[in-house]
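S.K.: Have a look at this one.
The values are calculated or read from the model by the stated rules, or taken from the named source; none is laboratory data. All figures in this text were calculated on a predicted structure; none of them were measured in a lab. Here the Cβ positions follow ideal geometry from the backbone for every residue, glycine too, while neighbour counts run over all protein chains shown.
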Amino acid sequence: MDIAVAVPALPGPGATVLGGAAVFAPGGKGANQAVAAARLGGAAGMTIAMLGCVGDDEFGAALRQALRAEGVDDTGVRVAAGVPTGIAMITVDQAGENMITVAPGANRETGAAELDRLAQEPRLPGAPSVLVISAEVPTAVIRAALNQEGRLTVLNLAPAPPAPGAAALLAAHPDWLVVNESEAAAILGRPVSGLTEAATAAADLVQAGARNAVVTAGAAGSAYRATTIEQNQSGGTVAAFPVTAVDTVGAGDTFVGALAVALAAGIGPADAVTAAAAAAATAVTREGTQTGMPRPADVHAATGY
Ligand code: ADP
């Protein structure tokens, strides 16, 4: 659950500031990405299901309700006893600069039960089953999920785990790795800024084990590196669609959800990254994180894609 408060200026250490009314909104990277996928892929008949944990509290119930309202199957979201639902405490100043503290709570309970449930998920013949994982659950669980066979895997290493953990996850060969500039920088141990460096970073992340990698670079766009079945590599950059940004929170989550939908539809790397960029650009034209996520008609109206 995101709890956001607007303040005139961010408080320094030891300081207290008075802000506006607290705004409660469903969040969490996995849930955001599931909602993006549902809005974009639901109409095409795709099934989107969420696995993870919430606490036995009001926030947990509200988050599951929000998923159901978007058509996301929440039967794999477990209520973990004795721990609170994960929250993000967000403070935003007038310039849009923010400070975020996450209390993972029940997310840390995601484990064997979810991996068993994942193993039982049907894999439809002829239609790729896509598993999207972000890094708000324990690293060991991510690795075990990546190692289950028969699915296309999309790993969003956000927030980026410490370097050794990231290396071990890349060594599990996710089909797609998606990271932003700061996550790429944390994984590679060097600054990554702008499309040229994003392209080099994507190539290095493929070298480190990802089969395909995308590095997103905010309003500059994104760069990708792809590996074909014949082991040939291709890549390129996709400029951001020109839009008027209103709220950039959730751009990355929309990008990941949209990429997963495009891959599930069998779309190739260059077109899938372009579709993801169009959806993410549309999301930044709209207020709110989950509420701002677009449907196909919204993407077309905002970007012409
Ligand atoms: P995150 O939200 O994870 O930090 P980014 O800021 O890199 O991710 O944004 C992800 C993608 O969203 C970008 O690669 C781009 O395609 C799109 N995007 C982000 N900001 C804008 C913007 N201002 N205008 C158009 N597209 C944007």
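S.K.: Pull out all pairs, ordered by first then second residue, where Cβ-Cβ is under 6 Å, the residues are six or more apart or on different chains, the first lies in segment 237-262 and is more than 17 Å from P26 (Cβ to Cβ) and of a type in the set (S, T, N, Q), and the second is more than 7 Å from the ligand (Cβ to nearest atom) and not in a loop (DSSP other than H, G, I, E, B).
M.R.: Pairs that qualify, where the first residue is more than 17 Å from P26 (Cβ to Cβ) and of a type in the set (S, T, N, Q) and the partner is more than 7 Å from the ligand (Cβ to nearest atom) and not in a loop (DSSP other than H, G, I, E, B), are T237/L195; T237/A199; T237/A223.
S.K.: Determine, yes or no, whether T153 is of a type outside the set (A, V, I, L, M, F, W, C) and part of a strand (DSSP E or B).
M.R.: yes
S.K.: Restricting to segment 27-59, name every residue that is touching a Ser or Thr at 6+ places or on another chain (Cβ under 8 Å) and either among the hydrophobic types (A, V, I, L, M, F, W, C) or under 18 Å from T289 (Cβ atoms) (or both).
M.R.: The answer is G27, K29, G30, N32, Q33, A36, A49, L51, G52, C53, V54, F59.
S.K.: Under 22 Å from L63 (Cα atoms) and touching a residue at least 60 places away in the same chain (Cβ under 8 Å), is that true of E97?
M.R.: Criteria not met by E97.
S.K.: Confirm whether P164 is free of Cβ contacts under 8 Å to residues at least 24 places away in the same chain and more than 21 Å from T75 (Cβ to Cβ).
M.R.: The answer is yes for P164.
S.K.: If you scan segment 27-43, which residues turn out to be modelled with pLDDT of 95 or more and under 19 Å from A278 (Cβ atoms)?
M.R.: N32, Q33, V35, A36, A37, A38, R39, L40, G41
S.K.: Oh, and also: Do we find a residue being assigned to a loop (DSSP other than H, G, I, E, B), surrounded by fewer than 24 Cβ atoms within 10 Å (Cβ to Cβ) and touching a strand residue (DSSP E or B) at 6+ places or on another chain (Cβ under 8 Å) anywhere in segment 167-175?
M.R.: Yes.
S.K.: If I ask for residues that are without any contact (Cβ under 8 Å) to a residue 40 or more places away in the chain and of a type outside the set (S, T, N, Q), which ones from segment 73-94 would you list?
M.R.: D73, D74, V77, R78, V79, A80, A81, G82, V83, P84
S.K.: Out of the residues in segment 120-138 that are at pLDDT 95 or above and outside any loop (DSSP other than H, G, I, E, B), state the one that is surrounded by the fewest Cβ atoms within 10 Å (Cβ to Cβ).
M.R.: Of everything passing the filter in segment 120-138, L131 is surrounded by the fewest Cβ atoms within 10 Å (Cβ to Cβ).
S.K.: Only one residue in D175, D271 is charged (D, E, K, R) and without any contact (Cβ under 8 Å) to a residue 24 or more places away in the chain, so which one is that?
M.R.: Checking each option against the conditions leaves just D271.
S.K.: Could you grab me the full set of residues in segment 284-305 that are closer than 19 Å to I90 by Cα, in contact (Cβ under 8 Å) with a residue 60 or more places away in the chain and among the small types (G, A, S)?
M.R.: Of everything in segment 284-305, just one residue is closer than 19 Å to I90 by Cα, in contact (Cβ under 8 Å) with a residue 60 or more places away in the chain and among the small types (G, A, S), namely G288.
S.K.: Every residue in segment 96-108 that is in contact with a Leu (Cβ under 9 Å, 6 or more places away or on another chain) and part of a strand (DSSP E or B), please.
M.R.: The answer is N98, M99.
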